[in-house]
Amino acid sequence: MSPALRKIVLPVGTFLSFLLGWQLLSEALDVPVYLLPSPLDIYEGGGKLGPAILSNTLETLKTILLGFVCACAVGIPLGVVVSVNRTISEMIYPLIVFLNAIPIIAIAPILVVIFGTDMTTRLIIVTLTCFFPIMVNTAAGMMDTPKEMLDLARVAGASRMGEILSVRLPSAIPFIFSGLRIGVTVAVVGAVVAEFVNANKGLGFLVTSSTAQFAIPTATACVVILAVISVVLYEAVNWAHRAFFGWSIKTKAGE
Amino acid sequence: MIHATPARAAHSEAEMPSGEPRREPIIELAHAGVIFATSKGDPLVAVEDMSLTIYREEIVSLVGPSGCGKSTVLRMLAGLQQPTSGDIWIGGGKTRRGFSEVAIVFQRPTLLPWLSVMDNVLYPVKVLQRPTKAHRSRAMELLELVGLQDMAERMPHELSGGMQQRASIARSLILDPKILLMDEPFGALDALTREDLQLDLLDIHAETRKTILLVTHSINEAVLLSDRVAVMSARPGRMQDLVEIDVPKPRGAESAARPDFLALSQRIRDDIFGPRTGRKGRRA
């Protein structure tokens, strides 16, 4: 088997065996569907939603992606600023750590009261959930710039801004993408929390409403879709990294 | 302090050996010293009372044991380190604007991995202005000079270590600097590539007539490439000897077998280590 094929066949085989085992066990032990639905129950539960499943998935996807973009727009510049200016870093870093320490599930209902029940609130929740890893990784990457590159920029006569744009920021790219990979999966969690507290559509909303009606297979189907979204987005960030910043992967030894 | 005028130029002129026409000083270190504050409290004297005049178009090497401050001297001239005592004067221009005045080649090629070889060569231009067509054709000429004309659009990671260092030499020449500072430029290369690049540097010097200050660990390299070799002693780093290299030019790999080459190498070796003939178990 070729290495490329192995990478697909082995995990898929494991996954299918797991599903099969689960299906057989729940039939053999006759587990009630409201306790633990079997894979087939979950499939049927998802099917019951019909076309609604697509519109709700798109709605959640929209929240995740817009929130993720907001988090990048906040996190990357903040990471740059705290890494290049010591005073600003000392001023705002503790506040940012505090902001990140707030349990998002606890503050989400409060945010709904303050900002209302529309998309804005959901975006704030998603941004709050996932900007931190993006910011911290950006800052770490900026500080990790090889000293000789900084010397080169200085001898070449680069201004402070020129140094940041021409050397520090590009050399932070691998770190920034580590932050984005973490951030995008956390954004999915943020979007679900946002929909728990404030939505009448979306997969998070379907999970709560189906559970309230004891439609456990339907709720579980939504959870499965969320997991798939998370994996797809993670891979999408990986793809963007390879496609647009291939140099930052190839120059790392051993990759 | 970096002076705009040569404080001791007249004096240096008097020092110059006779018989050489138009030796015009371009770098002057006058009792320059660097003391670093350390976290333990004892200040570290990296360079002490360093005086050296370098003339236009000459190649001068700084050799000495590790920690003798030779890189610190280079960093002072590059503007990366201020002298804490004494003076530095760099001639040739009123303003110091990037690589058009003083260019630097590091031990590692330090190419920016997100730029193509061409864009790396143009980097010193881009820092100051938008590169023009003239800059691009100049970059191409330099890539030809270092034998990389077919690699212009490659990315740095596609090049071998030797090729990367060639590209970084091309980059150092893009703005036609008056002074080229090289900090162990061949130190990270394998022995064969190193020999190849040493001879290339002699060719480049013959063509461009740059003033070159080279820091090196290799006595052989210093004697092969230099007009003069400044030997430094360690802790505190200071000038120990200044050796005129009168091995005839053009030099090549075969120069290293000449008796005068060997005698000069031995003199520098003795400067650094002291005579070793009396050591047990070793032949002289």
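FYI, it's all coordinate maths here, none of it is from the lab. These numbers were taken from a predicted model, which means no experiment stands behind them. Counting neighbours? That spans all protein chains shown, and the Cβs are built from the backbone with ideal geometry, glycine included.
Overview of values
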{"item": "Cα convex hull volume per residue for the protein assembly as shown (Å³)", "result": "254"}
{"item": "With Cα atoms, 0 to 90° folded angle of helix A:39-48 axis to chain A main axis", "result": "90"}
{"item": "Residue among B:VAL223, B:VAL125, B:VAL105 with the largest mean-square fluctuation in a Gaussian network model of chain B, springs linking Cα atoms under 10 Å", "result": "B:VAL125"}
{"item": "Peptide B:112-120 - average C-beta neighbours from other chains (10 Å radius)", "result": "4"}
{"item": "Nearest-0.05 FRET efficiency for A:MET1 and A:LEU65, computed from C-beta distance (R0 35 Å)", "result": "0.45"}
{"item": "Contact order relative to length of segment B:109-176, as percent, for alpha carbon pairs under 8 angstrom and 6 or more apart", "result": "51"}
{"item": "Across A:LYS147/B:LYS178; A:LYS48/A:LYS201; A:LYS147/B:LYS70; A:LYS147/B:LYS133; B:LYS126/B:LYS178, pairs whose alpha-carbon gap is larger than 22 Å", "result": "A:LYS147/B:LYS178; A:LYS147/B:LYS133"}
{"item": "Alpha-carbon Debye profile of chain B, log10 I(q)/I(0) at 0.06, 0.16 Å⁻¹", "result": "-0.20, -1.35"}
{"item": "Mean separation of Cα contacts under 8 Å (6+ apart) over length of segment A:54-205, as relative contact order %", "result": "38"}
{"item": "Chain B - percent relative contact order, Cα under 8 Å, separation 6 or more", "result": "23"}
{"item": "Candidates A:LEU40, A:LEU203, A:LEU61: whichever shows maximal mean-square fluctuation once chain A is modelled as a Gaussian network with Cα springs under 10 Å", "result": "A:LEU40"}
{"item": "More than 22 angstrom apart: percent of Cα pairs within chain A", "result": "65"}
{"item": "Neighbour-count order for B:PHE106, A:PHE18, A:PHE205, A:PHE131, fewest beta carbons within 10 angstrom listed first", "result": "A:PHE18, A:PHE205, B:PHE106, A:PHE131"}
{"item": "Cα-based helix-to-principal-axis angle, A:119-143 vs chain A, degrees rounded to 10", "result": "40"}
{"item": "Gaussian network model of chain A, springs between alpha carbon atoms under 10 Å - residue of A:GLY13, A:GLY204, A:GLY67 with greatest fluctuation", "result": "A:GLY13"}
{"item": "Beta bridges per DSSP with both ends in chain B, % antiparallel, nearest 5", "result": "50"}
{"item": "Fewest-first sequence of A:TRP22, B:TRP114, A:TRP239 by Cβ atoms within 10 Å of each Cβ", "result": "A:TRP239, A:TRP22, B:TRP114"}
{"item": "Length released on extending from A:ILE249 to A:ASP144, taking residue separation times 0.36 nm less the Cα-Cα span", "result": "36.2 nm"}
{"item": "With Cα atoms, 0 to 90° folded angle of helix A:52-84 axis to chain A main axis", "result": "20"}
{"item": "Amide proton proximity set for B:GLU58, modelled H, under 5 Å, gap of 5+", "result": "B:ILE212"}
{"item": "Global form of segment B:109-176, assessed from the alpha-carbon gyration tensor, a/c cut-off 1.5", "result": "prolate"}
